[in-house]
Every structure is written in C-alpha cells, then in structure tokens.
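Everything on this sheet refers to the single structure shown next.
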C-alpha cells in the first residue's frame, strides 16, 4: 500500500485476476484519514471501458469526499488490462465478482461494506455480479434497463432516428431489421444470412444509427459472431429477484437510450419478490448520463456532473448503505 498523507485521498494501483485468470488493472482511491472505509466498485457501460471514463473518474474523486473508497478498473481487452474485448455479459459479471473478492481484502477497505455502481450496460452486469453474492452489500444503478437488450436497442434506435429527422416508415424498417436478425439468432441461422441482411441495410442512410456491425469491415466475421452471441433476450428480472440488498435506481428525465417506465416497473416487480429495498430517482435536466449536457444533441451528453446526482449519491449512501 502506498504511503499516504492523512489529509488527502490516495490512489493505489491494483492488479487482480478476472474470472478466468485474465490480468486486470485498476485503481483504488481511499478517503483521507485512517481506518477501514466502505468501497464502491464501478461497473462499465458498453462504451468507455477504461479508468478514463468520465463517470468513473467522477466516482474516484467524489466518493472519497463522502468517506467512501472507489475502485475503477480497465475492462478486459482495454486500457492496461489483458484479454480480448467484447466478452459476454456473464464473463464481465464474473470479472466484477473477482474485483469484489480482491478489493475486500485490501488494507483500508471495510469488507462488509462493498457495493457496486453500474451505468447503462453496467445496469445488467452489476446485478448479475451481486445476485447470490454475500460480499456485495448495496447496489447503485444509473440508467439501467429493465427490458431485454433487444427491446432496449429498438427503443434507442427509434429515438435516435426521430432525432435525426427520419420518418416513421424508416423507423419501422430499422425495427424490422433487428427483429429479423433476432429471429435468425433464435433459429441458429447461418451468419451468411445475417451478413446479407446487414449488407442490404447499409445502403440506408439511417444504418449507422442502429449500432449494428459493419458487414464490409475487415473484422466482418468477428463482429457478426459477437453480435450473434450477445444476450439479446437477456431477462434481468430473474437476477433482480435474487437481490436482498438496498438498491438505488436513477434515471435522467430524458433518457434517449432506455425506456424508463417499463424499466422501473420491471425492477420494482422483481425486487419486490426478493424484498430488496428500492429507491428510484429521476434526475432533472439529465438524459442517459447524470450530466447537464452542454449540447442536447450530443449523444455522449458531455457536460458538468449534475449536482442533483451528487446529492442523491451522498444522501442515499449515508442513509441506506453505510450505517449498517
């Protein structure tokens, strides 16, 4: 452990083995002072898989001011971590469980107060890592979907296309494409058929808004294989019903990527079965990210962190997660 001054946080480099032994690299930031501190492990969204992700950097700076440590790490295949990128969600959840096991043993960490924070895709991965895991004491999810990845991307694509000025007939075409690809996946259809569908669709000006792979790229086969193996029909409700820990669920009021009301209902129903305490919050002025975007058209929603989000984290952690 790095020598530290008692009046300032300290960042410690951590290396640990993922669920299959892959070497992963991260940073543990401890609050000022001495003793053992609660810790939050950050779980990645689909994009921004390194410690440089803005929301992860925010956790590393903000949480220690609350007396809470933060572990941020590079996802496998990104940053300083080994491995191949694009791992299934189940593997990424296994890496989170490995991070929890390792971080609970670090000096300065209170092993009984380890929590998870996940944004967007991390809202599927973090519950998967927490379910049935006695080492996880609380869960924070920002913009987490309660519907399947397939339903979520149909919702997101429709919003992106409408924002770009496309008509409903174009939205219907994009929706039909995703539904056909899903049918092929369910029927274990050949990649050649999926490749043909995608190549035909790339002629449409809206194709880039579907976030489907480029069938003409050099990594054609790999991208299509990854798309075919992705858990399009993942139903997170079974996992959520296994949780017995306090959960904070927050959404921006204008999320373009996640259907908020169906998601909240799915989380409420599943957590009620498991008797897990749930707090739901809406963040004014925010979209998919807990930021106040400088440009509303910016899909990354770059801008300052919402003060309401910081207040929410501080209040909820001190009332629901830390006193136990």
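Looking at segment 163-183, which of its residues are without any contact (Cβ under 8 Å) to a residue 40 or more places away in the chain and touching a helix residue (DSSP H, G or I) at 6+ places or on another chain (Cβ under 7 Å)? Break it down into steps so the answer makes sense when it comes.
Let us first name the residues in segment 163-183 that are without any contact (Cβ under 8 Å) to a residue 40 or more places away in the chain, namely 165, 167-180, 183.
Of everything in segment 163-183, those that are without any contact (Cβ under 8 Å) to a residue 40 or more places away in the chain and touching a helix residue (DSSP H, G or I) at 6+ places or on another chain (Cβ under 7 Å) turn out to be 170, 171, 174, 175, 177, 178, 180.
Anything in segment 278-313 that is under 22 Å from residue 267 (Cβ atoms) and more than 19 Å from the chain's Cα centre (by Cα)? List them, or say none.
284, 308, 311
Condition test on residue 87, is it crowded, with 19+ Cβ neighbours inside 10 Å and assigned to a helix (DSSP H, G or I)?
Spelling it out, it is not the case that residue 87 is crowded, with 19+ Cβ neighbours inside 10 Å and assigned to a helix (DSSP H, G or I).
Which condition number in (1) more than 18 Å from the chain's Cα centre (by Cα); (2) farther than 20 Å from residue 323 by Cα; (3) not in a strand (DSSP E or B) is the one that residue 65 fails?
All conditions pass for residue 65, except number (2).
Kindly indicate whether any position in segment 26-38 is part of a loop (DSSP other than H, G, I, E, B), surrounded by fewer than 18 Cβ atoms within 10 Å (Cβ to Cβ) and modelled with pLDDT of 95 or more.
No; the residues of segment 26-38 include none that is part of a loop (DSSP other than H, G, I, E, B), surrounded by fewer than 18 Cβ atoms within 10 Å (Cβ to Cβ) and modelled with pLDDT of 95 or more.
Of all helices (runs of 4 or more DSSP H) completely enclosed by segment 222-324, which ones contain at least 2 residues that are in the same structural domain as residue 123 (by TED's automatic domain parsing), modelled with pLDDT of 95 or more and in contact with a strand residue (DSSP E or B) (Cβ under 7 Å, 6 or more places away or on another chain)? Can you show your working first?
Details: elements: 237-240, 260-274, 307-316.
Here the list reads 260-274, 307-316.
The values are calculated or read from the model by the stated rules, or taken from the named source; none is laboratory data. Quick caveat, the model's predicted, so the values are computed rather than measured. Here the Cβ is made from the backbone with ideal geometry for all residues, glycine too, and neighbour counts use every protein chain on show.
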